[in-house]
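The values are calculated or read from the model by the stated rules, or taken from the named source; none is laboratory data. Quick caveat: nothing in here was measured; it's all calculated off a predicted structure. Note that each Cβ is placed from the backbone with ideal geometry, even for glycine, and that neighbours are counted across all protein chains shown. Only protein heavy atoms, including side chains, enter the accessible area calculation; ligands, DNA and RNA are left aside. Shrake-Rupley method; radii C 1.70, N 1.55, O 1.52, S 1.80 Å.
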Amino acid sequence: MTTNFEFLKKVDKNLFTIISEAEYLYRDEYFEQCMVQTRRFAENVCKNVLGSKRTTEKTFDDMLATLKDNITGEEQEKEFIDDLYFLKRNGNISAHSNQVKQDGMIALECLQRAFEAAINYCVYFANANSKILNLQYDINLLVTGEKTKVSLAEKYNAIKRNDSKPKTSSKTKKNNNKKNQEKQFYQMKTKNNSSKKSVFWYFVAFSTIITLILLILLSVFL
């Protein structure tokens with residue numbers, strides 16, 4: 001089943017397997033186990049980044065301390081370490097808690113933090129394509145296993161395109177309707193009714209002839 005971490009498969013298959021399992025646990029509502037698995041992912045990422053710089057470190061805390069000492073101070077590095085600390089802390093709480101809290105929101109944040117850490121690991125340590133920096137965590141994919149058909153950026157662009165189209169005001173629409181009505185009325189007014197005119201003129205001619213005949217007869221007999 002597709003996960004949000006497909007980009008990691010080509011870079012490090014072991015890390016991909018670990019974090020994919022965390023998403024499966026979340027989908028089945030094993031939130032505590034999901035957080036423990038994201039902690040495991042973070043620890044393995046930390047080991048990979050340290051590489052040969054790792055010497056006597058035994059615990060995750062030791063490795064994070066060494067990693068923190070070796071960063072150059074870039075904002076991206078600080079965010080990366082902050083994400084690893086977050087995953088370690090919440091993973092430890094879940095692993096050692098006496099009660100099962102089943103906190104889905106914290107588990108979701110752990111997955112999102114792991115996603116950001118995975119992107120930074122791929123781009124800045126494993127020299128992967130920087131295009132993956134544009135990836136966004138898809139919650140619909142996490143829950144259903146299916147990718148969101150329309151991304152947030154696509155929805156925004158669609159709304160932006162609609163807003164940029166010229167809109168016809170209600171006043172303009174009324175004026176257009178009025179013009180159309182006037183045009184139709186004008187056409188009806190100029191319709192040629194030749195049959196009625198012909199009957200009228202025939203009647204006038206006939207009446208004139210009758211009147212002339214009567215006048216002639218009256219002049220003869222009188």
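Among 67-75, 3-11, how do they line up by average Cβ neighbours within 10 Å per residue, starting with the highest?
Numbers: 67-75: 10.6, 3-11: 19.1.
Highest-to-lowest ranking by the protection proxy: 3-11, 67-75.
Provide the per residue accessible area, probe 1.4 Å, for the stretch 97-148, rounded to a whole number of square angstrom.
Each residue of the stretch 97-148 exposes 61 Å² on average to a 1.4 Å probe.
Hand me the GluC sites (Glu not before Pro) from the stretch 108-153 located in a DSSP loop with no more than 11 other Cβ atoms within 10 Å, in residue order please.
Counting only loop positions with at most 11 other Cβ atoms within 10 Å, the GluC sites (Glu not before Pro) in the stretch 108-153 are Glu146.
In the stretch 1-93, what percent of the accessible surface is made up of carbon and sulfur (1.4 Å probe, ligands and nucleic acids excluded)?
On the way: 2210 of 4930 Å².
Using a 1.4 Å probe with all protein chains present, the stretch 1-93 comes out at 45 percent carbon and sulfur.
Show me the ranking of peptides 135-142, 33-40, 18-25, 44-51 by mean Cβ neighbours inside 10 Å, starting with the highest.
33-40, 18-25, 44-51, 135-142
Of the listed pairs Lys9/Lys149; Lys47/Lys149; Lys78/Lys147; Lys58/Lys131; Lys53/Lys78; Lys47/Lys131, which have alpha-carbon separations greater than 28 Å here? If you can, show how the numbers build up before the last one.
Details: Lys9/Lys149 22 Å; Lys47/Lys149 36 Å; Lys78/Lys147 30 Å; Lys58/Lys131 35 Å; Lys53/Lys78 18 Å; Lys47/Lys131 25 Å.
Going by Cα-Cα distance, Lys47/Lys149; Lys78/Lys147; Lys58/Lys131 fall outside the 28 Å limit.
Is the stretch 85-144 best put as rounded, prolate or oblate by its Cα gyration tensor, with a ≥ b ≥ c the root eigenvalues, rounded for a/c under 1.5, and otherwise prolate when a/b is larger than b/c, oblate when not?
oblate
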